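Bear in mind that the values in this text are calculations on the coordinates, not laboratory data. A quick note: this is a predicted structure, and the numbers were derived from the prediction, not measured. In this analysis, Cβ positions are derived from the backbone assuming ideal geometry, glycine residues included, and neighbour counts consider all displayed protein chains.
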Amino acid sequence: MSLTETEQKKLDVITAAIEKHITNKQAAVLLKLTVRQLQRLKAAVKTSGTTAVVHKLKGKASNHRIEPDIKSKLLEEIKGNYSDFKPGFAAEKLQEKYSITPTSQTIRVWMNEVGLWKARKQKTAVWRSWRPRKEYFGQLVQFDGSYHHWFEDRLIDTDGNPVEVCLLAAIDDATGTITKASFGRNESVVAIFLFWLDYVQIIGKPIAIYLDKYSTYKINHKAAVDNFELVTQFGRAMQTLSVELIFANSPQAKGRVERLFKTLQDRLVKELRLANVNTISDGNKFLEEVFLPKFNSRFSVATAKEGDVHQALTKADRANLKGIFSVHLPRHVNGDFTIRFKNNWYQLLEIQPTTIRAGSVVTVEEHLNKKIYLRFKGKYLNYVVLPRRPPKIKIQPLILTGHKLNWKPPLNHPWRKRLLSPK
């Protein structure tokens, strides 16, 4: 039996100890053994010769080897159902179906043998300092959206092409927990508002949200650098709720949510396929009831400090929630007290909760249910929708206020009291 270099060196040291060229203590130090272990090896070499330094299982099958028929069966399962799975994920799915399965490392070797997996070379990355996780749950939430063929070719458009769907996801920085995720057609303001409206009502307000510079979240314009009033609809809503927005200058800065989408584009796509989920509504139900609980139980970690720092909605927040999560746009009041918005004309009524003049700038709120509200100085104005713009008239009122313009104060009004009081 041929010996390896290590085995030969081991035999040479033991032989030197047997021939008393070195002491047992010296030999034990060289081989990193105890003196008693060395004495046993010396006795074995005297009895069995060179085979004493060779492991007894050398050249034999491992005691923990997988039987060939079981290996063949598992490989057929992988080829049939998990051919595009990564080894670790394939091992998980096999463990769900079979009581005895090999480790993910063994699955990786098997998939490599049959050409289902090829190890990728490590890329040389730019060094970046690692930011530690936040200490509390809810202290920082990373948020983003990812367009992908989440339903593969099971969701197609009218031309028969696979549809890209946007997955919105929020992940807690301290625990790695996916706090909320949902499928939608796009990453529009309305989709973002629906996502966060549901989030703050159920979970609460996080201290801060970490996101990218996509136009839904931040105005990316050179002229907007020092103009703090140029905030987006989302930024204005979060500012009203006292939630801080942190904008990342690179994808690596919010790496937790970026890595999350890479994981989901591998795992979630396959889980949706195995569950035969083919629509956005069914996908959202699957996310909430099946995928997220399983994913979070496996990948979430404990926080450095106990406690949830999500803030509950205040009474004022709840009262104005629909208005907060609506699109706000400014509009000028015309001379005839009409307002034009999206080719519709709105006529302000004579009686208003606050005084308003022609030329005043009111806020048009387009709520998520598409209803229109006109707001001025914190008050909702009274109006009617006109079929078309009314014709101009020569005599027009100067203001609208809380009473009719021909209104006369009663005798007990403070104004009359001052006029009628004796000097």
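General observations
- Virtual spin-label span in nm between Thr355 and Lys377, 7 Å along Cα→Cβ: 0.7 nm
- Estimated FRET transfer efficiency (Glu19, Lys73; beta-carbon r; R0 60 Å; 0.05): 0.65
- Where GluC sites (Glu not before Pro) fall in DSSP loop in segment 87-186, at most 16 other Cβ within 10 Å: Glu135, Glu164
- Kirkwood radius and radius of gyration were both taken over the C-alpha atoms of segment 326-400, and their ratio Rg/Rh is 0.94.
- The chain - convex hull of alpha carbons, volume per residue in Å³: 298 Å³
- When each of Lys25/Lys60; Lys93/Lys121; Lys73/Lys118; Lys262/Lys285; Lys58/Lys86 is checked by Cα-Cα distance, pairs over 30 Å: Lys25/Lys60; Lys58/Lys86
- Taking each residue as 0.36 nm, the span from Val109 to Gln347 lengthens on full extension beyond its C-alpha to C-alpha distance by 78.3 nm.
- Summarising the label geometry, the points placed 7 Å from Cα in the beta-carbon direction at Arg331 and Asn161 lie 3.6 nm from one another.
- Vicinal HN-Hα couplings computed from phi for segment 44-53 (Karplus, 6.51 cos²θ - 1.76 cosθ + 1.60; Hz; Gly/Pro x): 5, 5, 5, 8, 9, x, 5, 5, 5, 8
- If you model segment 141-299 as an ellipsoid using its alpha carbon gyration tensor, with each semi-axis the square root of five times an eigenvalue, the axes come out at 28, 18, 14 Å, biggest first.
- Rounded to the nearest whole Hz, the Karplus-based 3J(HN,Hα) values (6.51 cos²θ - 1.76 cosθ + 1.60, θ = phi - 60°) of segment 131-139 follow the sequence 8, x, 5, 5, 7, 10, 5, x, 6, with x at glycine and proline.
- Segment 326-400, relative contact order [Cα under 8 Å, separation at least 6], %: 37 percent
- In nm, spacing of pseudo-spin labels at Gln8 and Asn320 (7 Å Cα→C-beta vector): 8.4 nm
- Under-5 Å amide H pairs with Phe341, H placed in peptide plane, nonlocal only: Tyr346
- Selection from Asn81, Thr232, Ala119 lying farthest towards where the dipole of the chain points positive, charges on Cβ: Thr232
- Simple Cβ-charge dipole of the chain, Lys/Arg +1 and Asp/Glu -1, about Cα centre, in debye nearest 20: 1400 debye
- To the nearest ten degrees, helix 5-18 and the longest principal axis of the Cα atoms of the chain are 50 degrees apart.
- Residue-averaged 222 nm ellipticity for the chain, from DSSP H runs of 4+ at -39500 (n - 2.57), nearest 500: -10000 deg cm²/dmol
- P(r) for segment 1-54, from all Cα pairs and a bin width of 5 Å, is 4, 23, 35, 26, 10, 1 %, short bins first.
- Qualifying trypsin sites (Lys or Arg not before Pro) in segment 1-82, DSSP loop, other Cβ atoms within 10 Å at most 12: Lys20, Lys32, Lys56, Lys58, Lys60, Arg65
- Compared with the dominant principal axis of the Cα atoms in the chain, helix 189-202 is inclined by about 80°.
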